[in-house]
Amino acid sequence: MNVAFTLCSINYLAQAKTLLDTFRKSNPSWKFILGLVDKNVNNVDLSFMDCEIIEVEQVNIDGFDGMVELYSIVEFITAVKPFYFTYLFEKHKDYDKIIYFDPDIVVLKPLTDLENKLDQYDIILTPHFTTPIKDSLQLTEKHIFSTGVFNLGFLAVKRSENTMSMLKWWEEKLRTECILDLTRGYFVDQLWMNLAPAYFDKVYIDKYPGYNMAHWNLHERTLTETADGYLVNGVPLVFFHFSHYHPGRPEQIATFQTRYSFDNRPDIRSLFKFYTDSLIANKYFEYKKVPCYYMRNEGKKQFKKTVKGFLRQVVPLRVKMIASSLRKK
């Protein structure tokens, strides 16, 4: 059986429902699962999702409480990703191919090509972009050095020993090192996957422009709207990633990019209009107000990171080495 899943807390349910609606329309034979990284203490009606929901505590993650205490909510949601893959494979022996999508993605075409590639490969990744950037506007190539070659808003895997080895390795890293701290060279789950093509076999880097189109690769991809859907660089757009887009700021393509606007990229305007309308219809402004149960001591966690980052930069390396050697004695 082919399965797709997403992960989010309750405040992202509008995005998850929009993903589900587009996914079901384009891939009706696939099973879709919502991994709810939250606890529904506010009794929000989840029946409107109309899909299987697996709450994170059902996954029985070893070290779960420590992860909750250590991580911010963004870190925590990304940290549980490999554990969900493993849980689904181990609990359901008929699940052969599993794809993860971030909740802020829409899937517009069948995943037939990816399904066929998973007959040959075990792990499929998509790079943020595949052609050089030649200006200094954001996002730059240097940003990708810091955040990862591959975007982990998408990951496709097939059941195999190779895949399970990758997931176990990834779990061990994310249990304590799914950290958002660029000063230390961490960017949640994403940077770790830079190593996957070196560590594991049958890893396919898919450069098809219709996969994972997003604000970071607009410099190399152009949309055309047709009667049969959108084309990107002349081929079908399969899924688009609306990372860092907020309906409350509809004039802005993404929070952290400065290269394009809807004025100089009118080709994407109608797709963003569709997405905005879908989010609003799915009660975006209502759900975004619901606090996540696992958002504990967020300010305290951020303060500790800020202090550690400052000390890391101002304390001389030799002092750090001496302190490290003393701790080992």
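Each reported figure results from applying straightforward, stated rules to the coordinates on display, with no laboratory input. The structure displayed is predicted, hence computed values, not measured ones. No Cβ is skipped: glycine too gets one built from the backbone with ideal geometry, and neighbour counts run over all protein chains shown.
Numbers at a glance
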item: Helical mean residue ellipticity (222 nm; -39500 (n - 2.57) per DSSP H run of 4+; nearest 500) of the chain; result: -11000 deg cm²/dmol
item: Candidate aspartates and glutamates - alpha carbon under 14 Å from K207, same-chain residues fewer than 8 apart omitted; result: D113, E220
item: E251-D135 FRET efficiency (beta carbon distance; Förster radius 22 Å; 0.05 resolution); result: 0.55
item: Listed peptides 266-274, 237-245 by packing density, highest first (mean Cβ within 10 Å); result: 237-245, 266-274
item: Listed residue (T130, F76, H215) projecting farthest to the positive dipole end of the chain, Cβ model; result: F76
item: In Å, descending, principal axis extents of the Cα set of segment 2-295; result: 49, 45, 43
item: Positive dipole terminus of segment 2-295, leading residue within N162, Y245, L111 (C-beta point charges); result: Y245
item: Cα→Cβ-extended label distance, 7 Å offset, between L182 and F274, nm; result: 3.2
item: Neighbourhood charge, 14 Å Cβ-Cβ cut-off, centred on W169 and excluding it, Lys, Arg +1 and Asp, Glu -1; result: -3
item: Among 281-290, 15-24, 60-69, the order from most to least packed when residues are scored by Cβ within 10 Å on average; result: 15-24, 281-290, 60-69
item: Charged-residue dipole, Cβ positions (Lys, Arg, Asp, Glu), the chain about Cα centre, Debye nearest 20; result: 1460
item: Share antiparallel - DSSP beta bridges, segment 2-295, percent rounded to 5; result: 50
item: Inter-label distance for E172 and S29, nm, one decimal - labels placed 7 Å from Cα along Cα-to-Cβ; result: 3.8
item: Surface/4 estimate of mean projected area, convex hull on alpha-carbon atoms of segment 91-233, nm²; result: 10.3
